[in-house]
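Here is the structure we will look at.
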Amino acid sequence: PKATPDYEGLHQWALTRIQQAKRTLFVNDPPKPNSLRQGKLGDCFCLAALRTVLQRDARAVVEMIQPQADGSYRVKVGSQTIAVPALTDGEIALGASANDGLWPLVYEKAVGISRIKPDAKDATPFNVVTKGGSAGSMMSTLTGNEIKRWSCKTWRDEKDEAKKAALLDDVRQQMTRAFAENRLVTGGTAALAKGKKGPPGILFNHGYAVLGYDAVKDEVHLWNPHGAAFKPKGEPSLTHGWPMEKGEFRVPLKELVTFFGGFAFEQKK
């Protein structure tokens, strides 16, 4: 039989989170990019996109959220301005980390409200946002810019070695240009096939922010929204994984494309 969930432990965890939450919209102005952490919601796509915006211009997030006198907020999500009611204690317990203020939670709630369909019954913002989505599409929504996708599966499926090499050169050039031009990049992993294992420390069916690309080392700088730490039990590799601190880690591009789903590159208007 399945073990009974630790309801008392879960309750105590939530209560502690509610009691310790900083009830200020922004503790730091602008907020620190590495303060962001995913909570109990399955909204990595939402937070991966936000982290790319934070990385480029943290002030943009401050300007995105306008507090109102009655405790509610007006949040600009792309071209929409969303009216967001004050947060409940339950939302504070479940949502993104609030150790740098309430801004991540207000953002999550705004995205959830924007995604509720007019005919939806009993839908709540956090219920809607936890159903998941595309980090690239969310990035496009936030910036108002189109995206261009690059598929790692296309590279893996290609049998011609010369064509595979050309595809890798293409994504290297796209990475280099994107960061030189201060454009945003997200990525993600697909769900693992049954019975297969990926590199240790890597989450699958998960969105990631792409924070940079080192052309000399041919390494991609990534961020996992869970903000986890990970120490490989051996030399960093596909076998042992890569060192991770506050969700940030670096993977050689040649290794990354063997298990990653793909990338989304913000395009200029």
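Quick rundown of the values:
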quantity	calculated
Solvent exposure of the range 1-62 as accessible area per residue, Å², 1.4 Å probe	57
Choice from Ala96, Ala58, Ala14 showing the highest fluctuation, given a GNM over the chain with Cα pairs closer than 10 Å	Ala14
Top positive-direction residue, dipole computed over the chain with Cβ charges, set Leu184, Pro118, Pro67	Pro118
Extension reserve of the Lys246-Ala3 stretch, reckoned as 0.36 nm per residue once the Cα distance is removed	84.4 nm
Distance between the range 93-121 and the range 200-250 - C-alpha centres, whole angstrom	26
For the chain: rounded, prolate or oblate by the Cα gyration tensor [a/c cutoff 1.5]	prolate
Shape call, the range 110-247: gyration tensor on alpha carbons, a/c limit 1.5	prolate
Listed residues Ala229, Ala193, Ala209, most fluctuating in the chain (Gaussian network, C-alpha, under 10 Å)	Ala193
The chain: relative contact order in percent, alpha carbon pairs under 8 Å with at least 6 residues between	20
Reach of Lys246 by Cα under 22 Å, taken over lysines that are not fewer than 8 positions away in the same chain	Lys22, Lys32, Lys40, Lys217, Lys231, Lys233
C-alpha center-to-center spacing [the range 126-160, the range 52-83] in angstrom	22
Expected 222 nm ellipticity per residue - DSSP helices of 4 or more, -39500 (n - 2.57), all of the chain, to 500	-10500 deg cm²/dmol
Accessible surface ranking that places the most exposed of Thr4, Thr81 first, with a 1.4 angstrom probe	Thr4, Thr81
Gain on full stretching of the segment that runs from His11 to Asp29 - 0.36 nm per residue minus C-alpha separation	3.3 nm
Surface accessible to a 1.4 Å probe, Ser237 within the full protein complex, Å²	20
Calculated log₁₀ intensity ratio I(q)/I(0) where the Debye formula runs over C-alpha points of the range 96-145, q = 0.17 Å⁻¹	-0.58
Accessible area of the chain belonging to carbon and sulfur atoms, whole % at 1.4 Å probe	51
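The values are calculated or read from the model by the stated rules, or taken from the named source; none is laboratory data. Keep in mind it's a predicted model, so treat the numbers as computed, not measured. Cβ sites come from the backbone with ideal geometry, for glycine too, and all protein chains shown count toward neighbours. Areas reflect the complete protein model, heavy atoms only, side chains present, ligands, DNA and RNA absent. Shrake-Rupley method; radii C 1.70, N 1.55, O 1.52, S 1.80 Å.
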